[in-house]
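Before any comments, here is the structure.
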Amino acid sequence: MLRKSTLLVAAAFCGLTGFAQKTVTVYTTAANTDLRLSASGTLNFSPGRQPLETEPFVLVDPSASFQPFLGIGGALTDAAAETFAKLSPAKQQELLTAYYDTARGIGYTLARTHIMCCDFSSGSYSYVTDNDVTLKSFSVVHDEKYRIPLIKAAFKAAGGRLKLYVTPWSPPGWMKDNKSVTGGGKLKPEYAQAWANFYVKFIKTYEAMGMPIWGLSVQNEPMAKQKWESCIYTAEDERNFIRDYLGPTLAKAGMGGKKLIAWDHNRDLIYQRASTILEDPAAAKYVWGIGFHWYETWTGGPMLFDNVRLTHEAFPGKALLFTEGCKEKFSFDSLQAWSLGERYGYSMINDFNSGATGWTDWNILLDENGGPNHVGNFCFAPVHCDTRNGELIYTNAFYYIGAFSKFVRPGAHRIAVSANRAGLQGTGFMNKDGSIVVIVMNTTDQPIAYHLILKGQETDTQSLPHSIATLIIK
């Protein structure tokens, strides 16, 4: 939702006459260089002029203020936790600092984890015994070996400021019509209330163990029948489950303040799912926002950002949160392929420009095989551990994500950023302290010199080939 003339903007820009004294600090990550979130220069503004169409420019307008910024983070899965446990204590601390420290790392503030098992577990398991409708046997003892220690370590490394949300990949097999946690299947109607109670049980259990839960989604990828843990909900199924079971059950348990996320699947059907659920007031009142993934990309089509934008425009009162993305079909030899980071930058810029309030990567850490994964669905992560020698491998995706997460802090608002060259892509934010953060990405093979223009002021800079730069205006 557009917010004009906010107090923050007014405080920072009501007197532009003194703005020439403000400086721009640039941090760059670029292919074929040693630059990795590296301080790469300081710029000064001078009085501007009418830009010409023949001159590349990036225009920044902080008086046009859009959606708030929630944060950026990654998933704390069984696979990440099992790999983390194989690291030496020094390497464990290195990883935690790299992800969660705001000064020495990239300052993650969001985290996602799974309720029960998922494909990035070493095997399928359950928290309850078969046919235990009352959930008396409920236990997360499985998680206590690897995943819970990692989650607690992440909370500590983030200074307790982590927003953790939780997602099921499947109900227990006995609650489903196919009798299995894998292979799709659907929740049987007679177990709808027991399944709603399961979410509450999980949240209460984790919180009692010292892990606050900020939110939850209804189902991971509810239209995907997978060989791993999965469960199918049509849009009507999910709407009815939220309206009649999950929403009221959370409210009755005193958890109405938990952020409930619907859909949690690809951009291709995001509007259909959102409209079906949110046009029913009885369901919509329980829903905080709509989650989405990027895997429609891998079918050969484009990333469908217009679907995200349309959903944002149609339902401006609901948040949009990117909840999962990674590059599939892992290859150790491709760990440093520059296209990996550029895909992240491209998605993040366009998702934020389309109305997303936050962005969550998939596994924070995987091994040298892109796992562990009990169905061979091996993928890339921003950081891998080669368990053969205990070393951490940082891919360029880590630095592309960090171009956003290190500098844009929770509570910021997106502002208008406009570029006049297809090779330059950008977005921008104003932090609560009044600092402006502009992210500019160059996906071409050539450097692009451009003018950075801000409210009648300008400065000249250059975007390196295949680079992402964060420009901080203070």
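At a threshold of 8 angstrom on Cα-Cα distance, excluding pairs fewer than six apart, so keeping six or more, what relative contact order does the chain reach in percent?
23 percent
Once you place label points 7 Å from the Cα toward the Cβ at residue 161 and residue 474, how far apart are they in nm?
1.5 nm
Report ³J(HN,Hα) in whole Hz for each residue of segment 270-282, in order, from the Karplus equation J = 6.51 cos²θ - 1.76 cosθ + 1.60 where θ = phi - 60°; Gly and Pro get x.
4, 5, 4, 5, 4, 5, 4, 7, 7, 7, 9, x, 5
For segment 315-332, just list the computed ³J(HN,Hα) in residue order, Karplus coefficients 6.51, -1.76 and 1.60, θ = phi - 60°, integers in Hz, with x standing in for Gly and Pro.
The phi angles translate into 10, x, x, 10, 7, 10, 10, 6, 10, 6, x, 7, 8, 8, 6, 4, 9, 4 Hz.
When Cα Rg over 2.2 N^0.38 Å is calculated directly from the model, which label among [x] 1.07; [y] 1.12; [z] 0.98 fits?
[z]
Please report the antiparallel percentage of DSSP beta bridges with both residues in the chain, rounded to the nearest 5.
Antiparallel bridges: around 60 percent, rounded to the nearest 5.
Going by a ≥ b ≥ c, the root eigenvalues of the Cα gyration tensor, does segment 317-413 fall in the rounded group (a/c under 1.5), the prolate group (a/b larger than b/c) or the oblate group?
In terms of gyration-tensor shape, prolate.
Roughly speaking, what is the stretch gain from residue 54 to residue 336, that is 0.36 nm per residue apart minus the C-alpha to C-alpha distance, in nm to one decimal?
98.0 nm
Would you work out the relative contact order for segment 286-340, in percent, from Cα pairs under 8 angstrom that are 6 or more residues apart?
Value for segment 286-340: 44 percent.
Along segment 223-228, what does the Karplus equation 6.51 cos²θ - 1.76 cosθ + 1.60 (θ = phi - 60°) give for ³J(HN,Hα), rounded to whole Hz, x for Gly and Pro?
Result, ordered by residue: 10, 10, 8, 10, 6, 9 Hz.
So, in nm, how far is label residue 446 from label residue 144 when the simple model puts each one 7 Å beyond its Cα toward the Cβ?
In this crude label model, residue 446 to residue 144 measures out at 6.3 nm.
Give the lysines reachable from residue 285 as a straight Cα distance under 17 Å; neighbours fewer than 8 places away on the same chain don't count.
Leaving aside lysines fewer than 8 places away in the same chain, those within reach of residue 285 are 252, 258, 259, 318.
Read-outs throughout are calculated quantities, based only on the coordinates presented, and are distinct from any laboratory measurement. For clarity, every value in this text was computed on a predicted model and none was experimentally measured. So basically every Cβ, Gly included, is an ideal-geometry build from the backbone, and we count neighbours across all protein chains shown.
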